[in-house]
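The values are calculated or read from the model by the stated rules, or taken from the named source; none is laboratory data. Keep in mind that what you see is a predicted model, and the values were worked out from it rather than measured. For neighbour counting, all protein chains shown are included, and Cβ atoms are generated from backbone atoms with ideal geometry for every residue, glycine included.
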Amino acid sequence: MKDSQAWAVIGLIALAATTGDVLLSHAMKRVGDVAELWQRHGVLPVLGHVLRTPTFALGLMAMAAAFFSLLFGLSWGNLSLVVPASASLSFIGNAIAARIFLHERVGHRRWMAALLVASGVVLMAL
Amino acid sequence: MTFRKYLVLVGIAVSGAAGDSLLNRGMKDFGTVSLYHLSRLIGAVLHPSVIAGILLLLAFFACYISALSWADLTYVLPATSLGYVLVALIAHYSFHEHISPARWLGIALIAAGVGFVSAGPSVTPARQVRHSLDACPNAVSPEMES
């Protein structure tokens, strides 16, 4: 497989993963601290509630798309290229998307962390 | 952040890294899947290493959504990125993939990023969030250092 195809798969994984992460995070914030709810209501009501949250199902579908793209990419690529390269792109995508869609306070500390991790992950792909 | 919450973050890093590595081993055993025979991916799911990898990734997913229920996405992702370091070390020691000096530098940068984010607050101080299961408006634990 050519490099351009490799990077197309990597881009696809990153896009699907970012979409999934943002949707799942949105869903879980609506549900609330699951450990706390678990103690108060029991396992099944909490599980049922998570499953019935609409953005959870959408996030799960995006994650499934990312997972099968990863499985496809891993069958020919190096584990140590495909995993870090797609992850690096997702870190930057997630920092931007979390700020815009989830209204998270992404301060200096978090930007530094995201950039350090993303560039570290790029270096690992060299 | 309680000790239990740190354990969940460690669980995300470890189960994610181990799951990815098992998937890698399974797919290498299974052989290359070409773009024109995508249906072979269904067969790959029955490979023992792939099954074990999927089970670990399910554990990863449970820890991950649990963490997202009490911490920001931009906290959870960098804080659990030590998993990528683990993937590289597993690739090096089990699959004998080469780790160049640049990769070692990458590992150092990731470790620095993890240190950076985990020293800060784990959740954006909430506007009062009303959770759908719970009528209590203060269910998000307000941990706001700095």
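Would you mind stating whether A:Leu47 is surrounded by fewer than 16 Cβ atoms within 10 Å (Cβ to Cβ), aliphatic (A, V, I, L, M) and within 11 Å of another protein chain (Cβ to nearest Cβ)? Answer is yes for this residue.
Within the range A:28-44, the set of residues being of a type in the set (A, V, I, L, M) and either buried (at least 20 other Cβ atoms within 10 Å of the Cβ) or more than 11 Å from chain B (Cβ to nearest Cβ) (or both) comprises A:Met28, A:Val31, A:Val34, A:Leu37, A:Val43, A:Leu44. Filtering A:Val43, A:Val31 for residues that are over 18 Å from the mean Cα position of the chain (by Cα), under 19 Å from B:Tyr75 (Cβ atoms) and not basic (Lys, Arg) leaves a single hit, A:Val31. Within the set B:Gly115, B:Gly120, the sole residue that is modelled with pLDDT of 85 or more and either within 9 Å of chain A (Cβ to nearest Cβ) or under 30 Å from A:Met28 (Cβ atoms) (or both) turns out to be B:Gly115. Filtered by the rule that a residue be facing chain B (nearest Cβ under 7 Å) and more than 13 Å from the chain's Cα centre (by Cα), the range A:85-102 gives a lone residue, A:Leu102.
Scanning the range A:41-67 for residues that are in contact with a helix residue (DSSP H, G or I) (Cβ under 7 Å, 6 or more places away or on another chain) and closer than 23 Å to A:Thr18 by Cβ yields A:Val50, A:Thr53, A:Thr55, A:Phe56, A:Leu58, A:Gly59, A:Ala62, A:Met63, A:Ala65, A:Ala66.
Taken together, the criteria place B:Ser69 among residues that are out of contact with any Cys (no Cβ under 7 Å at 6 or more places or on another chain), at the interface with another protein chain (Cβ under 8 Å from one of its Cβ atoms) and closer than 29 Å to A:Thr53 by Cβ.
For the criterion of being touching a residue at least 12 places away in the same chain (Cβ under 8 Å), not basic (Lys, Arg) and not in a helix (DSSP H, G or I), A:Trp111 fails. Where helices (runs of 4 or more DSSP H) fall entirely within the range A:1-104, those with at least 3 residues that are in contact (Cβ under 8 Å) with a residue 60 or more places away in the chain are at A:3-31, A:54-74, A:79-101.
The requirement of being under 18 Å from B:Gly16 (Cβ atoms), crowded, with 18+ Cβ neighbours inside 10 Å, within 13 Å of the chain's Cα centre (by Cα) and of a type in the set (S, T, N, Q) is satisfied by A:Ser25.
Output yes when any residue across the range A:78-92 is surrounded by fewer than 22 Cβ atoms within 10 Å (Cβ to Cβ) and either small (Gly, Ala, Ser) or in contact with a Phe, Trp or Tyr (Cβ under 8 Å, 6 or more places away or on another chain) (or both), and no when none is. No, every residue in the range A:78-92 fails to be surrounded by fewer than 22 Cβ atoms within 10 Å (Cβ to Cβ) and either small (Gly, Ala, Ser) or in contact with a Phe, Trp or Tyr (Cβ under 8 Å, 6 or more places away or on another chain) (or both).
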